[in-house]
């Protein structure tokens with residue numbers, strides 16, 4: 001079992017001496033997207049940790065269990081591991097533990113998970129989980145098992161109540177559905193913030209530059225994105241204010257791309273962004289990816305996409321200014 005705890009000093013392997021010898025307050029989840037439900041769970045654990053004078057630790061998995069067990073096409077993911085770690089730390093977690101979800105972990109019983117991870121590694125004093133949380137081989141562990149084992153092993157376990165928006169429970173599944181439908185307003189309501197993807201700008205094939213549309217490219221870590229197509233976007237981390245852009249997220253069928261790549265063309269921008277960390281906020285879906293017969297046809301469509309994106313972002317900026 002591989003376990004890494006990310007703290008101020010960076011990642012440290014979680015074996016040998018326990019990384020939290022004085023005890024900890026632990027919250028457990030997939031945390032894909034860090035939506036309002038996740039935030040409620042983390043907020044509760046952090047508040048209890050402050051009350052007890054202990055570190056708050058968020059415990060997650062990489063890859064996500066649903067990715068590990070998937071057959072055929074892997075399920076889409078809302079957030080990559082680095083963004084998740086940064087987000088959990090920003091919410092007040094003193095450490096973020098990532099367990100490598102592999103065959104060994106999948107075969108571990110719920111009882112062994114409690115003993116080896118929660119007690120031996122994290123010296124948990126309190127454990128907080130979300131509604132209907134299950135864990136261990138065959139999903140055999142639940143809140144009742146946590147509470148029963150905690151009574152003998154020295155920790156308590158609690159489950160938060162579900163968070164609802166518009167009468168339905170907030171979930172990553174609802175957010176993925178909203179993104180697939182291009183409903184970014186609904187996704188933002190469930191997330192508590194606009195949906196965005198962050199990463200470090202990498203070099204691409206530089207085809208966009210030759211076509212008059214240079215792009216800042218972000219890879220998606222070999223994961224399956226929750227949305228694909230052409231979008232009006234804001235790019236954060238370039239200037240003092242969000243920068244308007246049109247972005248393509250997909251496999252670029254006209255130029256035989258393979259790996260999903262997020263390519264953002266920043267309007268009227270001059271300079272290099274290679275190696276810089278940026279965040280792309282999605283505002284509106286313009287169209288799906290499509291294969292064009294040749295590059296001139298592609299460029300003509302890119303011009304139409306740019307004009308439409310500029311108009312949408314101008315309206316979006318005006319609404320935000322008067323909100």
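Any read-out appearing in this document is the output of simple, stated calculations on the displayed coordinates, not a laboratory observation. As the structure is a prediction and not an experimental result, all values here were calculated from the model. In this analysis, Cβ positions are derived from the backbone assuming ideal geometry, glycine residues included, and neighbour counts consider all displayed protein chains.
Observations on the model:
- Residues of the stretch 260-281 with amide N under 18 Å of the 7 Å Cα→Cβ point at residue 73: 260-261
- Cβ-derived FRET efficiency at R0 35 Å, residue 269 paired with residue 66, nearest 0.05: 0.40
- Remark: relative contact order (the stretch 194-321) = 31 percent; criterion is Cα-Cα distance under 8 angstrom and separation of 6 or more residues.
- Label-point separation in nm, residue 148 to residue 100, each point 7 Å along Cα→Cβ: 3.2 nm
- Footprinting exposure proxy for 86, 126, 62, 290 (fewest neighbouring C-beta atoms within 10 Å first): 290, 86, 62, 126
- The distance from the alpha carbon centre of the stretch 137-208 to that of the stretch 42-79 is 8 Å, rounded to a whole number.
- Read-out volume of the Cα convex hull per residue in Å³, derived from the coordinates shown; its label in (1) 126; (2) 153; (3) 164: (2)
- Computed from the alpha carbon atoms alone, the convex hull of the stretch 3-165 holds 116 Å³ per residue.
- Distance (nanometres) between label positions extended 7 Å along Cα→Cβ at residue 134 and residue 259: 3.5 nm
- Among 38, 236, the order by Cβ neighbours within 10 angstrom, fewest to most, reads 236, 38.
- Share of pairwise Cα separations in the stretch 194-321, more than 27 Å, in percent: 11 percent
- The antiparallel fraction among DSSP beta bridges confined to the chain stands at about 70%.
- Approximate spin-label separation residue 290-residue 193, in nm, with each point projected 7 Å along Cα-to-Cβ: 3.5 nm
- Selected from 250, 130, 138 as most flexible by GNM, with the chain as the system and alpha-carbon contacts under 10 Å: 138
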